[in-house]
Number of protein chains: 2
Amino acid sequence: MLKRYLPILTWLPHYTSRLFAADMIAGVIVSIMVIPQSLAYALIAGLPPVVGLYASILPLLAYTLFGTSRTLAVGPVAILALMTGAALAPVAIVGSAEYLQAAMVLALLSGLMLTLMGILKLGFFANFLSHPVISGFLTASGLLIATSQVANLLGISARGFTAAELLPNLITGLTDTHAATLAVGAGSLAFLVLIRRRGRQGLRAIGLPAGAADLLAKAGPVFAVIVTTLVTWHFDLASQGVAVVGDIPRGLPPLTLPAFDLSLWHQLLIPALLLSVVGFVESVSMGQMLAAKRRQRISPNQELIGLGTANIAAAVSAGMPVTGGLSRTVINFDAGAQTPAAGTIAAIGIALVTVALTPLLYHLPVATLAATITVSILTLVDVKMIRQTWRYSRSDFSAMAATILLTLIEGVEAGIIAGVVLSIGLFLYRTSRPHSALVGRVPGTEHFRNITRHDVESDSHVALLRIDESLYFANARYLEDTVYALIANRPEVEHVVLICSAVNLIDASALESLDAINERLKDSEVTLHLAEVKGPVMDKLKQSDLLDNLSGRVFLSTYAAWCELRQRKE
Amino acid sequence: MLKRYLPILTWLPHYTSRLFAADMIAGVIVSIMVIPQSLAYALIAGLPPVVGLYASILPLLAYTLFGTSRTLAVGPVAILALMTGAALAPVAIVGSAEYLQAAMVLALLSGLMLTLMGILKLGFFANFLSHPVISGFLTASGLLIATSQVANLLGISARGFTAAELLPNLITGLTDTHAATLAVGAGSLAFLVLIRRRGRQGLRAIGLPAGAADLLAKAGPVFAVIVTTLVTWHFDLASQGVAVVGDIPRGLPPLTLPAFDLSLWHQLLIPALLLSVVGFVESVSMGQMLAAKRRQRISPNQELIGLGTANIAAAVSAGMPVTGGLSRTVINFDAGAQTPAAGTIAAIGIALVTVALTPLLYHLPVATLAATITVSILTLVDVKMIRQTWRYSRSDFSAMAATILLTLIEGVEAGIIAGVVLSIGLFLYRTSRPHSALVGRVPGTEHFRNITRHDVESDSHVALLRIDESLYFANARYLEDTVYALIANRPEVEHVVLICSAVNLIDASALESLDAINERLKDSEVTLHLAEVKGPVMDKLKQSDLLDNLSGRVFLSTYAAWCELRQRKE
């Protein structure tokens, strides 16, 4: 019981020095690697860079205690940063104390929601986001973030959370392009693209072992940060107008509770919910993927609690909303992390940086951070998935296209809501017109096939109707309509047999429709039979009056119905 | 083509004098019977009684042209009157000219929506209202209407559209009970209950033939209206404070267009949508039931156009929202109506009344109308259905209970929306955890059964997993989880076979999950196979890359998979 809610108890008692050595190496690597991205994501959200560091300390400790994935690395991520910025823009002015407060409230609300959903075992809620919707949302968000970073690369200002806000600002700002900033930004970008594309092969070509080459290639952003910081410091580019990170307060994050402002909480409720769901979906699918690689398991409901407490920890330590981040998790996994202790070590490393090393970050150019964001964010733009979805299913594609367009035009909230509503609507629409077929007997066998597709025996007095879908409220009326059409079009029919081999569920609406069909057929002197009803469905039907009132019988097999009803006629 | 959009063309060319005679009788009976209820429903909506009559003239002609049911009788109905009142209360003051205008706008919006939905063939939207939700909604609405009529029976005033509004008004008003009104109301009520319960048997006992006894019993409200009107006139009860219908303007309804007031239209948009859907569902299920009785058919999408034009007709003739009414349709059907011409005849009859006979209605007591409403509305309270649903399915019951409670407490709009959201959510929840079972071979046969329920052969290296649900976004992740749990718990498994005999659909999300499962199992050196994939599902899969990348094979039958994989091992 205690182990279920404190997964740390499952691994800590068996912790060994060998595991610690592996976790130590991974933790140190992660703490160095994630510093640039933590600063960058805070900037996307419109927050001071140090907030990104704060959000990479306490939340990691919370996840170590409550999370179930062995290798997930928690912290600020690009998508949540974008959603945070979009949520905070209407409630406070960027740079104000209220804005910082609102970010903490957002993290707190999200943390409380996630924890509560975990306790109530509502992890299944995340399933309502279909893959095409998530993929479309990530693609559109990636495009929005990349567009917003172009401004930083050019040294102009263009904030906004929709294409309609960003593009005009960007275009009118083009003439103000700052040459030195552009040089730093374009240089970093070129270097990062190069090392991403060719780094690994290049390093291996000059003789490095595979593992080291991999790691060094991944350290590209750290290298870019160091070089551009040194260059900016040496030539004092900050005084020439190149935007730099600047003063970062030294010390551990202050522990405070976010203000309890009812109207602010109310305004942030929906954004917090969307942010929670998106963060959870991203994190849990990645966690599941990595756990499967090592034949481990994660518990989605306990993950909610892990991420929830991580967000609460972020809220009380002047942070911003967090979740399992793709790049930091991959670094952690590849660096050989064995347990969540690696996260604790990374947290200690980042804490040390905030205590001692923030002055070193003063001359870090914002354009370099923009370059690292742009390169990593464009991996979210998944053109292959768009093409595949188009090819596989037009209905899934339309949900995806709506999500992309609405995210770009109306913003992240409208996009994700439209995607969810459309996915559910299209699914209900598809199942509301279930495939059904009149079947006949394949001569000489006990098999029955669609009479319009195969050359089969049929009987004009017996209609064998196979239903290829569960029966529930969205298709109950369609079933009635199908049966009534059948008997209206074929007046010679005396027996209707519903073959239920693919019916996994009959809800109360469908039950009532079956009752109505039974009564109407009685009025028309047609007998209704059922065949091949599954065990669990039959158990439910026995709790209703349908079987008592049924004018015909329940046959175990279609063949039995066929034999019996043919015989009866003769 | 023309016949599809003008169903009148399907029956008018074959119209005979025999049909006309039948329609004539039915039309005259209906026009007399529906006058009291038309007046009463206008009062429920807070409108002058004459609006109920107006709404029973032109809309009937429109439905004659465009409707597909032979026997449906269109007009104001109790539920729509309640919804109309609830929708108008926040936008205008009862009795004002704006209130009348708003009722016309509501009818127009509803008419336009219904017509548009019909043209776009969106009739399936109505299916999203599950039977338990409709039944719960009708029960709660019936209770609200009955409660509101108690005030009229007592001669006190207590308007409101939720239990919270009605009950306190009613209780504080009790001391003002008007004795003469109560006498008229209670007398009518007692008479109507008696004739409803015993009228038919009583009239047959004194020697009337069955048909005439039926009809006379149904004419109970007309009789009550005549008697109480005469009594009220004779004793001049109106001057003693008994509320009467009073002056009704003589003449045909004025033809006008409702005002185009954008903010009013905007406010009434959601109420009009809910009203359209509820009206359509009620009307189409009744129409379907009656059509089936005579082996006729109705077309749901054309019905939308029929009801839509009827509402537009109501809007331009100073009316209120209309739909197919239960009691008037039953009267029409029982009186032998053969075609929609009966509706036209009823419309002419009601028009004659408004032109010539409205002074006769002056002394009709409102309490009598309240008694007729109370008696007919309580048939909507369906305790049996509540009990049945509780017995059959807790999840359907919870949607029903939420609908009832929210309708009573928060009003009709909140109730119906909560019901729809909950129905859909519960359905998705149920299908999001699909039943699946590991199966083994029934010894000596080609049949496979659940290994936990039956004594079957199984092989520790081959996991045969039968999936009992279509695979789509809401359960895709659950499928992944199930398979990963399977291989995590049984490290000796080398082959996983997914048996897809009950899978009717694989959407893009589920496809991606299958891809992910395939890749993860490859990493763990487990081979993934499919078996018994249905034809249409297979056709879709061939448009994807899954089959090319699949580590294993697609088997036609589980038995084939079993033989092959057992052999491979040996």
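The values are calculated or read from the model by the stated rules, or taken from the named source; none is laboratory data. Please read all numbers here as calculations on a predicted model, not as lab measurements. Note that we place each Cβ from the backbone using ideal geometry, even for glycine, and neighbour counts take in every protein chain shown. Surface accessibility is based on the protein's heavy atoms, side chains included, excluding ligands, DNA and RNA. Shrake-Rupley method; radii C 1.70, N 1.55, O 1.52, S 1.80 Å.
Remarks
- Separation of segment B:340-386 and segment A:62-108, taken as the distance between their Cα centroids, equals 61 angstrom.
- Label distances, nm, A:LEU378 versus same residue in remaining copies, Cβ-directed 7 Å point: 7.5
- Dividing the mean sequence gap of close Cα pairs (under 8 Å, 6+ apart) by how many residues segment A:108-258 holds gives a relative contact order of 17 percent.
- Considering only alpha-carbon pairs that sit under 8 angstrom and 6 or more positions apart, the relative contact order computed for segment A:17-424 is 40 percent.
- Residues of segment B:305-340 with amide N under 19 Å of a point placed 7 Å along Cα→Cβ from A:ASP523: B:324-340
- Within 10 Å of the Cβ of each residue in B:388-395, the mean number of Cβ atoms contributed by other protein chains is 5.
- Relative to the Cα centre, the charge distribution of segment B:275-382, modelled as +1 at Lys and Arg Cβ and -1 at Asp and Glu Cβ, gives a dipole magnitude of about 300 debye.
- Working note: 222 nm ellipticity from helices only, DSSP H runs with n ≥ 4, each -39,500 (n - 2.57), summed and divided by the residues of the protein assembly as shown, gives -20500 deg cm²/dmol to the nearest 500.
- Segments B:86-93, B:305-312 sorted - mean Cβ within 10 Å per residue, highest first: B:305-312, B:86-93
- Cross-link partners of A:LYS121 among aspartates and glutamates, defined as those whose alpha carbon lies under 14 angstrom from its own and excluding same-chain residues fewer than eight positions apart: A:GLU303.
- Over all pairs of different C-alpha atoms in segment B:322-401, the reciprocal of the mean inverse distance, the Kirkwood hydrodynamic radius, equals 16.4 Å.
- Length-normalised contact order for segment A:410-535 - Cα pairs under 8 Å, 6+ apart - percent: 23
- Put simply, the Cα atoms of chain B extend 103, 60, 59 Å along their principal axes, the longest span coming first.
- Computed over segment A:413-570, the ratio Rg/Rh where both radii use C-alpha atoms and Rh is Kirkwood: 1.02
- Chain A, dipole about Cα centre (Lys/Arg Cβ +1, Asp/Glu Cβ -1), debye to the nearest 20: 1940
- Shortest-first nm distances, B:ALA414 label point to equivalent points in other copies (7 Å, Cα→Cβ): 2.9
- Ranking B:ILE156, B:SER263, B:ILE195 by how far each Cα lies toward the positive end of the dipole of segment B:16-424 (charges on Cβ) leaves B:ILE195 at the top.
- Averaged over peptide B:509-522, the number of partner chain Cβ atoms lying within 10 Å of each residue's Cβ comes to 4.
- Taking every residue in A:470-483 and counting other chain Cβ atoms within 10 Å of its Cβ, the average works out to 5.
- Projected area, mean over directions - segment B:409-449, Cα convex hull, nm²: 4.4
- Along its first, second and third principal axes, ordered by size, the protein assembly as shown spans 111, 75, 55 Å in Cα coordinates.
- Dipole magnitude for the protein assembly as shown: computed about the Cα centre from +1 point charges on Lys and Arg Cβ and -1 point charges on Asp and Glu Cβ, it is near 1440 debye.
- Antiparallel DSSP beta bridges within segment B:436-569, percent to nearest 5: 40
- Sorted from nearest, the other copies put their A:ARG449 label points 3.0 nm away, the label point being 7 Å from Cα in the direction of Cβ.
- Filter on A:LYS542/B:LYS384; A:LYS522/B:LYS293; B:LYS293/B:LYS384; B:LYS3/B:LYS293; A:LYS293/B:LYS522; B:LYS218/B:LYS384 - keep pairs with C-alpha separation over 19 Å: B:LYS293/B:LYS384; B:LYS3/B:LYS293; B:LYS218/B:LYS384
- With every protein chain in place, the protein assembly as shown: carbon and sulfur % of accessible area (1.4 Å): 64
- Alpha-carbon centroid distance for the pair segment A:166-223 / segment A:471-547, whole angstrom: 64
- In chain B, the DSSP beta bridges split such that about 45 percent are antiparallel, to the nearest 5.
- Per-pair calculated FRET efficiency, R0 = 56 Å: B:LEU120 and A:LEU120 via Cβ, rounded to 0.05: 0.90
- Once A binds B, the 1.4 Å probe can no longer reach about 6500 Å² of accessible area, counting both sides.
- Residues in the protein assembly as shown average 40 Å² of solvent-accessible surface per residue, probe 1.4 Å, ligands and nucleic acids excluded.
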